[in-house]
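The values are calculated or read from the model by the stated rules, or taken from the named source; none is laboratory data. Everything quoted here is computed from the prediction, not taken from an experiment. So basically every Cβ, Gly included, is an ideal-geometry build from the backbone, and we count neighbours across all protein chains shown. For accessibility, only protein heavy atoms count, side chains too; no ligands or nucleic acids. Shrake-Rupley method; radii C 1.70, N 1.55, O 1.52, S 1.80 Å.
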Amino acid sequence: PMHTIPITPDEVNRLVALLGPEYREVALPRLVTTRPAQRCPHCGKGTEFVDWIYTALERGIHSPEFLIESLRDGTSPKKFVHDV
């Protein structure tokens, strides 16, 4: 089953801080996942789209420009499929 997680205005601000103002042009209203949102057992923070973006940037998997382009196009090239 698919699950939706709303993207809040606060999260949009954090995404803009990571990806730049271009994110506002492609801002998603929600994240659609195959798993329901989860809460961290230590701090209680729930799953957010910004978690995926932060991880991709922090690990050097993708650049902000690539992520914006992928969001703008609504696609992710098959050759870049991965589990993170």
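Data overview
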read-out	value
Acute angle (nearest 10 degrees) that the helix 64-73 long axis makes with the longest principal axis of the chain, alpha-carbon atoms	90 degrees
Per residue solvent-accessible surface (Å²) - the chain, probe of 1.4 Å	71 Å²
Percent carbon-and-sulfur accessible area, the chain, ignoring ligands, DNA and RNA, probe 1.4 Å	56 percent
Cβ crowding within 10 Å averaged over residues, with 32-43, 12-23, 55-66 ranked highest first	12-23, 55-66, 32-43
